[in-house]
Each structure stands twice: as C-alpha cells, then as structure tokens.
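Peer 1: One structure is given below, represented as structure tokens, and several questions about it will come after.
The values are calculated or read from the model by the stated rules, or taken from the named source; none is laboratory data. These numbers were taken from a predicted model, which means no experiment stands behind them. Here the Cβ positions follow ideal geometry from the backbone for every residue, glycine too, while neighbour counts run over all protein chains shown.
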Amino acid sequence: MRITDDRYCRDRMRLDLALRLIGHEARTHTIRLWTGLTEDRVRKLYRTYITEHPGSPVTRRRGKSPQRCSYFLRSPRVQQEAAVLAGFFCMAGILAHGWRLDPRALPIAQGELLCTAYETYLALVAEPRISFEHAAFLVIALARGDELALRPCTGCGALTLVDCCTLRAVACNVCAATPRLPQPLPSAVRLRRARDLPAAARGAPAPAQLAPIPPRAELPS
C-alpha cells in the first residue's frame, strides 16, 4: 500500500485526531463519535498515549457524556464563556448558518477545527470553566438548534447564548447588569396623558367658578 493512498491518509487523520482528543481528556464515546474508531482501538490508543507521555496529567474520564443544555445557562460566567467559545466555533467554520451537524457521521476535519477552537479558548480565557466534553456537546446543541441559540444582544450587539424558548429581550451579562434609564415617551402619548390630567396638575389656572345669579324678584303689578 502506498503512503499516498487515500484510505491510509484517512486512517492516519483519525488516529491523530483521536490522540488530540485524548489530550483534552475526552471520553471514549466522544472520541468514537468524532473519529469513527472502535472502542477497542480507542482503548489501545489510551495505552499508547500514557506510555509515550508518562508525566502527563491526562486522566481517562468515564461515564456518560454531557447531555443537558442547562449547564451553559447555570451562571452568568459560564453563559458568557459559552458564548465566547461559540464565537470561536463560528470563526473556525464549525457552525454555519443553515448547516447542521449529523451526530452519527461527524467529519474528521470538523473535529480538528473543534480542537483548534477549544485550544484558542483555553489560551485566551483565564480560569476556563468549560471542559472539552461540554464544548463538544455545545457544538452539537447549537447545530441542532432546538434548545440553545446564538443571538445578538439588543443593547450592544454582542453574541449571546440564549434559550430558544425565552420570551425576554436578549441581553448580554454586561447590559443586563447596567441599570437602564427610563425611555422618553412618544409625543402623542405625552399629549394624551396631559389632556387626561386636571388643570391644576398641568400647571394651568383652573377656570373661575361663577356664583349663580339669584332669580330676579317679580315686581308687583
């Protein structure tokens, strides 16, 4: 088999991506999902990675992968970091308008972009709180679009992560914490309210009240 064979190149890309995911402490299910490798192959790669990196603090996480979108809305800090991470996904080309990821057949190139976006997030965010497992789930949740969505803030236009079922105006954490000044009423509303007020409240003098004129006495005939 020649080294330029497409099948060999695809297998090599899968192995490289799997090792990269192991370095981010991804679970076996997540590695299988993004690489297409079997569970036995992933276990062997774990042994290889630990053998080649004896001093690495990487641990093999067990259990189910994250499945709840409420994690990204649990606190303002996590919600803001999730919006930043989603922005990196958009810049890397993982998320595109009108394009959906198929969780059953994720392309290898998208997995490499996912790692690049997450590594950028780790490099720029101090004390990051979102693990790689949650980052991988965030990509699928945003591509699915039934629970989470990215929308611009109505105050400053910043990219904000929101619940799809929310009925409130979209506001980022900075705008939500800033007290808003009361908005001036339209002139038509002010004029209508002014007409409904009594004259004394409008500052206009009240009309003079005239005393009733007593009836004229009849003259004797």
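Peer 1: Among the residues of the stretch 119-173, write down those that are modelled with pLDDT under 95, among the β-branched types (Val, Ile, Thr) and part of a loop (DSSP other than H, G, I, E, B).
Peer 2: Once the filter is applied, which keeps residues that are modelled with pLDDT under 95, among the β-branched types (Val, Ile, Thr) and part of a loop (DSSP other than H, G, I, E, B), the stretch 119-173 yields VAL125, THR154, THR166, VAL170.
Peer 1: A further question on this structure: Name the residue that is modelled with the lowest pLDDT, counting only residues in the stretch 85-100 that are buried (at least 17 other Cβ atoms within 10 Å of the Cβ) and not small (Gly, Ala, Ser).
Peer 2: Result: LEU95.
Peer 1: Then there's this: Only one of THR59, THR30 is outside the structural domain of ALA117 (by TED's automatic domain parsing) and either within 15 Å of ALA136 (Cβ to Cβ) or modelled with pLDDT of 80 or more (or both). Can you tell me which?
Peer 2: Details: THR59 fails: either within 15 Å of ALA136 (Cβ to Cβ) or modelled with pLDDT of 80 or more (or both).
Every option except THR30 fails the conditions.
Peer 1: Take the stretch 107-121 and flag every residue that is of a type in the set (A, V, I, L, M, F, W, C) and either over 18 Å from the mean Cα position of the chain (by Cα) or surrounded by fewer than 19 Cβ atoms within 10 Å (Cβ to Cβ) (or both). Before you say what the answer is, go through the steps one by one.
Peer 2: Looking only at the stretch 107-121, we keep the residues that are of a type in the set (A, V, I, L, M, F, W, C), and these are 108-109, 113-115, 117.
Within the stretch 107-121, ILE108, ALA109, LEU113, CYS115 qualify.
Peer 1: Hey, another quick one. Criterion first (assigned to a loop (DSSP other than H, G, I, E, B), out of contact with any Ser or Thr (no Cβ under 6 Å at 6 or more places or on another chain) and under 14 Å from ILE108 (Cα atoms)) does LEU37 satisfy it?
Peer 2: Working: assigned to a loop (DSSP other than H, G, I, E, B): yes; out of contact with any Ser or Thr (no Cβ under 6 Å at 6 or more places or on another chain): yes; under 14 Å from ILE108 (Cα atoms): yes.
So LEU37 passes the test.
Peer 1: Same structure again: Report whether or not PHE72 is buried (at least 17 other Cβ atoms within 10 Å of the Cβ), in contact with a His (Cβ under 8 Å, 6 or more places away or on another chain) and in contact (Cβ under 8 Å) with a residue 24 or more places away in the chain.
Peer 2: Values: buried (at least 17 other Cβ atoms within 10 Å of the Cβ): yes; in contact with a His (Cβ under 8 Å, 6 or more places away or on another chain): yes; in contact (Cβ under 8 Å) with a residue 24 or more places away in the chain: yes.
So PHE72 fits the description; yes.
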